[in-house]
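Asks: Just dropping this structure here.
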Number of protein chains: 2
Amino acid sequence: MGMTMIEKILAAHSVQDELKPGDIVNARVDMVLGNDITTPVAVEEFNKIGVDRVFDKERIAIVPDHFAPNKDIKAAEQVNMIRKFARKHEITNFFEVGQMGIEHVILPEKGLTLPGEIIIGADSHTCTYGALGALGTGVGSTDMAAAMATGKAWFKVPPTIKFVYKGELKPHVSGKDLILYTIGKIGVDGALYKAMEFTGEAIDNLSMEGRMTMSNMAIEAGGKAGLIAADEKTEEYLKGRTQRDYTVRNADSDAEYEQVIEIDVSQIEPQVAFPSLPENTKGLDEINEKIEIQQSVIGSCTNGRIEDLRVAAEILKGQKVNGNVRCLVFPGSQAVYKQAMNEGLFDIFIDAGVAVSTPTCGPCLGGHMGILAEGEKAISTTNRNFVGRMGSPGSEVYLASPAVAAASAIKGYIAGPEEVK
Amino acid sequence: MGMTMIEKILAAHSVQDELKPGDIVNARVDMVLGNDITTPVAVEEFNKIGVDRVFDKERIAIVPDHFAPNKDIKAAEQVNMIRKFARKHEITNFFEVGQMGIEHVILPEKGLTLPGEIIIGADSHTCTYGALGALGTGVGSTDMAAAMATGKAWFKVPPTIKFVYKGELKPHVSGKDLILYTIGKIGVDGALYKAMEFTGEAIDNLSMEGRMTMSNMAIEAGGKAGLIAADEKTEEYLKGRTQRDYTVRNADSDAEYEQVIEIDVSQIEPQVAFPSLPENTKGLDEINEKIEIQQSVIGSCTNGRIEDLRVAAEILKGQKVNGNVRCLVFPGSQAVYKQAMNEGLFDIFIDAGVAVSTPTCGPCLGGHMGILAEGEKAISTTNRNFVGRMGSPGSEVYLASPAVAAASAIKGYIAGPEEVK
């Protein structure tokens, strides 16, 4: 009997040769991740366990990105606490301000998440690494602590839903639109504690950036993971990024899926998720009202990669951000920052009246650097639009692609790229 | 009897032809300034006055820069309140995120502060405009409110201390070092409610950026203003920046000064102001201990101009920020940001491991984007090092020039540019 991707990866990391949904396994993990919100709790829990050392100082990544550069004294104390922990345990992958970026952007970028690997992270969007054919999944701080001590974690093998994306994308339709459309179709609990496998020609044709955007949002459908088979594009992406060996664990051809969902992507319009759930999606063609916005956010672990900034810059080129809108760009890492700058994208942004931030999670989770007041609306390339997510409980967030966020920034209301030409 | 700069400027804006220290005048103001901290209070006071309109919609400047891009919900609400006020009164100089910068960087940059003018601002570093031969001075929010309504403000004419800076500066000694040295000499109340006039060949030879740094910190000696005569450099700086007419009001040759202080600048070393007062200055040659730092801040209304970033980049070129240090650069405006980027300075910064922020006051006043934890020390090009200024009351700030801040970032302890070659 064949296995799905998640079954194969879990089996390869445990003593079992074969696994099926519902099995409980204790699996080795290849990387344990935490950020400035979750790591302090994990460090406290780790200290209670009573071991002297972490399981492997090269297989723990700590990224202060949510409230960094330090938003306030509390953030400063939290980061300082985990910094001391990282130094004590000589953790090699502690990313300080100036070297840092958004966790889910820098880990793939630095070759720390490889096909066939298991990465658990005390952050819900750890599922991003599914785009590289890895099992990335979010855990609590206590699991992070246990894994830092033991290098292992307990998993209940989830059933897998296979998504087959057929056909060719329309212009300006991206990975973000595909995943928003998918969440709109199955709902925010449509894949609850299930693995999602994204397959089909539209996925084959997607860039690594587009794939990472899709996997990143698997959790927004409740997914345990959002996996994409490693292929030539994956190999190409990894070139020069890693010295570690890895084994690709794509699904067997006779793998058993709980469900197979086919989607004809050629019919999909640019998507917008209305407040206050990512499942409240509409195609741009279905929006009949003029929804004025006061902020446009382009960046985050979902859409803060070079391709995302290129798309935004293409639309903002020679244009001006509407006088009623603050448009903020958050490159996902120092590397993305430098590349975007050197490609001339920042010139376009600055000329258009965009504020470019140093890499940080910023306002995505209501952290800092662009919080909304009561009654304000934002269009955002981030991943969640829950009530108060980006500020006041009386503010609202609409999720979309960089293309739509950029076009909306210019128009002052939610608009597609076609409208700004 | 001749008059000092401040006497001449005040006289030209009042009904009196001649003024002497101690006189009380009601003077026209050319520009009224507020930021996101002070303007909300001023707006509330303005609304109590009961006038319908502001005195001149083109002569009010509102710059949300302290907690912007919005740090939190409170900041968002404050900025939104003053944004609505600015729209209602059609205030032309409301600087939104994306067009904005630090108030005292953008106002001169946009030609809104001219020689001979009076600019009152609800921010203590409004004295910056003295560098352009203007009377810039900080006021409270209530005075800002009254001035928005009437276009006038009450002044008690202060006595003037004339500073004469003779000789030639050593390499890597800047306007920042001159003003720190001066404050060290006279103390933080050395010019309390007095005007300071900065004169002499060393001032003549200073760039406009260096002059703005000096005038900016007049308030740190208690000064009502820090004035520098307008000259060819001023005219050159203003070219293309303004359409408004202005009249230069430099001091009369027979002006009467309360005191004249001569300083031989050729003996001045790069200065560092130790915690927790700007007067606690030492030359680098007087520092015998190794003072380790955890943060280096380059920017602010004091040192966030293009020359400042050039100096920092020159020192950071090909170097790496010490692993124990976060180094943060805050360009003072979008224009400075773009120019620095296009000159290749950001490439140098990123390669060195510096985080470059969007323009904001950031951590200078403990706002956001680089707050210190207990026990942490920062070297900073900002203007105040009071207890807790940049974060925890248990943190410490050392003030210095961009050259010293950059060199210290590389070494990990307070060091001069000579030490990093």
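Asks: List pairs: first in segment B:302-315 and more than 14 Å from B:ALA131 (Cβ to Cβ) and in the same structural domain as B:PRO359 (by TED's automatic domain parsing), second among the hydroxyl-bearing types (Ser, Thr, Tyr) and open to solvent by 10 Å² or more (accessible area, probe 1.4 Å), Cβ under 8 Å, 6+ apart or cross-chain?
Replies: From residues that are more than 14 Å from B:ALA131 (Cβ to Cβ) and in the same structural domain as B:PRO359 (by TED's automatic domain parsing), the pairs are B:VAL311/B:SER174.
Asks: Within segment A:161-208, which residues are among the β-branched types (Val, Ile, Thr) and assigned to a loop (DSSP other than H, G, I, E, B)?
Replies: Once the filter is applied, which keeps residues that are among the β-branched types (Val, Ile, Thr) and assigned to a loop (DSSP other than H, G, I, E, B), segment A:161-208 yields A:VAL173, A:VAL188.
Asks: In segment B:313-330, which residues are among the basic types (Lys, Arg) and crowded, with 24+ Cβ neighbours inside 10 Å?
Replies: Passing the criteria: only B:ARG326.
Asks: Only residues that are assigned to a strand (DSSP E or B) and either open to solvent by 20 Å² or more (accessible area, probe 1.4 Å) or within 22 Å of B:PRO40 (Cβ to Cβ) (or both): list them for segment B:142-160, please.
Replies: Selection gives B:LYS152, B:ALA153, B:TRP154, B:LYS156.
Asks: Then there is this: Can you name the strands (runs of 3 or more DSSP E) wholly within segment B:336-410 that have at least 1 residues being more than 11 Å from chain A (Cβ to nearest Cβ) and within 19 Å of the chain's Cα centre (by Cα)?
Replies: B:377-380, B:396-399
Asks: If a residue has to be among the aromatic types (Phe, Trp, Tyr) and open to solvent by less than 20 Å² (accessible area, probe 1.4 Å) to count, how many in segment B:92-112 make the cut?
Replies: Going through segment B:92-112 one residue at a time, the tally reaches 1.
Asks: Has segment B:297-312 got any residue that is within 11 Å of chain A (Cβ to nearest Cβ), buried (at least 23 other Cβ atoms within 10 Å of the Cβ) and under 11 Å from B:ALA405 (Cα atoms)?
Replies: Yes, some residue in segment B:297-312 is within 11 Å of chain A (Cβ to nearest Cβ), buried (at least 23 other Cβ atoms within 10 Å of the Cβ) and under 11 Å from B:ALA405 (Cα atoms).
Asks: For segment B:354-368, check the following and say yes or no: at least one residue is modelled with pLDDT of 95 or more, farther than 18 Å from A:ALA75 by Cβ and surrounded by fewer than 24 Cβ atoms within 10 Å (Cβ to Cβ).
Replies: Checked segment B:354-368: no residue is modelled with pLDDT of 95 or more, farther than 18 Å from A:ALA75 by Cβ and surrounded by fewer than 24 Cβ atoms within 10 Å (Cβ to Cβ).
Asks: Moving to a separate point now. Looking only at strands (runs of 3 or more DSSP E) that lie completely in segment A:231-284, which have at least 2 residues being more than 24 Å from A:VAL105 (Cβ to Cβ)?
Replies: A:259-264, A:281-283
Asks: Then there is this: Do we find a residue being within 13 Å of the chain's Cα centre (by Cα) and more than 14 Å from chain A (Cβ to nearest Cβ) anywhere in segment B:79-97?
Replies: no
Asks: Considering segment B:1-40 alone, what residues qualify as being over 23 Å from the mean Cα position of the chain (by Cα), of a type in the set (Val, Ile, Thr) and assigned to a loop (DSSP other than H, G, I, E, B)?
Replies: Correct list: B:VAL15 only.
Asks: So, of the residues in segment A:276-296 that are touching a residue at least 12 places away in the same chain (Cβ under 8 Å) and over 26 Å from A:GLY190 (Cα atoms), which turns out to be surrounded by the most Cβ atoms within 10 Å (Cβ to Cβ)?
Replies: Per the stated criteria, the residue is A:SER296.
One line per residue, one yes/no per condition, for (1) closer than 25 Å to B:GLY370 by Cα; (2) of a type outside the set (S, T, N, Q); (3) outside any helix (DSSP H, G or I); (4) open to solvent by 10 Å² or more (accessible area, probe 1.4 Å):
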position: B:ALA42; (1), (2), (3), (4): no, yes, no, no
position: B:PHE46; (1), (2), (3), (4): no, yes, no, no
position: B:VAL54; (1), (2), (3), (4): no, yes, yes, yes
position: B:ALA68; (1), (2), (3), (4): yes, yes, yes, no
position: B:LYS74; (1), (2), (3), (4): yes, yes, no, yes
position: B:MET81; (1), (2), (3), (4): no, yes, no, yes
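The values are calculated or read from the model by the stated rules, or taken from the named source; none is laboratory data. Note that the coordinates shown come from a computational prediction; the quantities given were computed from them, not determined experimentally. With ideal geometry, Cβ positions are generated from the backbone for all residues, glycine too; neighbour counts draw on all protein chains shown. Please note that ligands, DNA and RNA were not included when accessible areas were found on the heavy atoms of the full protein model with its side chains. Shrake-Rupley method; radii C 1.70, N 1.55, O 1.52, S 1.80 Å.
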